[in-house]
1. Size of the dipole of the stretch 215-382 about the Cα centre, Lys and Arg at +1 and Asp and Glu at -1 on the beta carbon, nothing else charged, in debye to 20?
2. For the pairs Lys190/Lys399; Lys285/Lys347; Lys240/Lys392; Lys250/Lys285; Lys228/Lys374, flag any whose C-alpha to C-alpha distance is greater than 21 Å.
3. Got a sec? How would His326, His127 order by Cβ neighbour count within 10 Å, fewest to most?
4. Would you work out which of Trp351, Met273, Thr289 lies farthest towards the positive end of the dipole of the stretch 215-382? Charges go on Cβ: Lys and Arg +1, Asp and Glu -1.
5. Enumerate the amide H contacts of Ser385 below 5 Å, restricted to partners 5 or more residues apart or on another chain; note that Pro and chain-start residues carry no placed amide H.
6. List the residues, sorted by chain then number, that are 5 or more residues from Lys347 or on another chain and whose placed amide H is less than 5 Å from its amide H.
7. Which ³J(HN,Hα) values, rounded to whole Hz and listed in residue order, are derived for the stretch 227-238 from phi using the Karplus coefficients 6.51, -1.76 and 1.60 in 6.51 cos²θ - 1.76 cosθ + 1.60 with θ = phi - 60°, glycine and proline given as x?
8. What is the packing order of peptides 398-405, 333-340, taking the mean over residues of other C-beta atoms within 10 Å and listing the highest first?
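All of the numbers you see were taken from the coordinates with simple rules; none came from a lab. Because the structure is a prediction, the values reported are computed rather than measured. As a convention, Cβ positions derive from the backbone with ideal geometry for all residues, glycine included, and neighbour counts pool all protein chains shown.
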Amino acid sequence: MIAPAVYANTNPESTLESETTSGVFTVHDRQIVAVTPTLKEMLEWADFSGWNPDRVRVLAESGAFPGLDPVEIAIQTALPEAGSSKSRMQDSAAEAADYSGDLLGAAARYARFCVDALGGIEFDVIHAHDWLTYPAGMALQKLTGKPLVVHVHSTEFDRSGETPNQQVYSIERRGMHAATRVISVSMLTKNVCVRRYHVPASKIDVVYNGVELRPEDVGTQPIHSKDKIVLYFGRITMQKGPEYFIRAAKRVLEYMDNVKFVVAGNGDQAQRMIEMAATLGIGHKVLFTGFLRGRDISRVFSMADLYVMPSVSEPFGIAPLEAMSHNVPVLISKTSGVSEVLVHALKADFWDIDDMADKIIAVLRHPILSDTLKERGSFEVRGISWDGTATKCVQTYTKAIADRVS
C-alpha cells in the first residue's frame with residue numbers, strides 16, 4: 001500500500017491531477033510517487049487522506065494512470081464497494097436478507113475469475129444473472145466491448161422489503177444501467193426495475209421462467225393418509241410469506257380437523273414459524289421437514305392435496321409450476337410473476353388469510369374443483385417450458401448485439 005507518510009493534504013476539496021508517468025500523480029503542488037501502485041491501494045490511500053475515492057476512480061477509468069492494470073480498473077469500477085474500507089454489509093437489512101459473510105469480496109473474486117478464465121475466448125454476448133454476477137458482467141463488458149445482458153430474477157426490494165441494503169441496491173442499479181438489455185422474469189419485476197431503479201421500459205424484455213417436466217416423477221407412489229395435506233414448499237423467508245400460511249392454517253383448522261400443513265424448506269424465519277404455530281395452538285398440525293432435495297421433492301408433492309404459495313413479493317415463482325407438473329392444484333399470491341401466466345390456478349392476496357383459508361377449504365372439500373384444477377393445470381403447464389424461455393433469451397441477445405452495433 002502507498003505509505004500514509006507521503007500524503008500531502010487531508011482537505012476533502014483537494015483536486016487530483018495526473019502525470020503521464022506511471023505511478024506518479026500530483027495533489028496541488030505536492031507530487032506523490034508510488035512504485036507500481038494498484039488502484040485498490042490508491043483508493044485506500046485517498047480514503048485515508050480524506051479525499052473522495054470516486055475522483056481517483058474516475059481518473060483511473062479515463063486512463064489517467066497508464067501504469068495501472070486495466071483488469072483491476074474494470075473490476076474496481078464495476079464494484080467500488082469491494083474497494084472500500086467498509087466493504088462488508090453495513091445495513092440492518094443485511095441481516096434481514098441473510099447477507100452474512102464477505103459477499104462483496106466474493107463478487108470481486110468471481111469477477112476476477114471470469115476475466116481470467118475467459119481470456120482469449122471469443123464470445124458475442126455477456127449474460128449476467130442477479131447482483132452477485134453483475135460486477136463480473138460489467139468488467140467483461142468494459143474489457144471486451146461486448147454487449148451485456150443482465151437477468152433480473154429478484155431485486156433487493158423483494159428480498160428486504162422497504163429497507164433495502166444500499167450497497168446491494170447500488171450494484172443492482174449500476175448493473176441494470178450498464179447493461180445493453182435487461183431481462184426480467186415477469187411484468188411485476190419489470191415494473192420494479194422501471195419504478196425503483198429508473199431503467200427505461202424500452203430496454204427491458206420480459207422472459208418468463210419455465211419448468212422441466214419429469215413424467216417419471218408424476219408416478220411416484222403417494223403416501224396415503226386420512227388427513228388432507230396442504231403444502232408450503234420453498235425458502236422460509238420474509239419474502240415468501242410463511243407467516244400468512246401459518247395464519248391461514250389456523251383459520252382452516254377452525255372448520256376442518258382432518259388437515260395437516262407441511263412446510264418443506266428452510267430459512268431465517270423457520271424458528272419463528274415453529275414458534276408461531278405453537279403459540280396459535282396448531283403445532284401438532286404443522287410439520288416442518290427442513291430442506292429437501294432429489295426424490296424427496298417428488299415424494300412431498302405426491303403427498304399434497306394442495307400447494308400454497310403466499311409470497312409477499314415473488315418475481316416469478318417456479319414451485320407452482322413444479323406442483324402442477326405433479327398434478328397438484330395450486331393457490332398462489334397475486335403479487336407473483338407466475339400469476340401473470342397461469343390461468344388454472346387459484347389466486348389470493350397474500351395478506352387476506354380469510355380468502356386464502358376459504359379457497360383451501362373449497363379445494364379440500366370439493367373433489368370436482370380439485371380434479372378440474374389438476375386436469376387443466378397439468379395441461380397448461382406443458383406449454384411453459386425452458387425451451388420457450390431459451391428462445392426468448394436468444395431474441396434478447398440479438399437485440400443486444402444490434403443495439404451495440406448501432
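1. Dipole magnitude for the stretch 215-382 comes out near 260 debye.
2. The answer is Lys285/Lys347; Lys240/Lys392.
3. Starting with the residue having the fewest Cβ neighbours, the order is His127, His326.
4. Thr289
5. Val211
6. So Lys347 has HN proximity to Ile332.
7. Couplings: 8, 6, 10, 10, 10, 10, 10, x, 5, 9, 10, 3 Hz.
8. Result, highest mean first: 333-340, 398-405.
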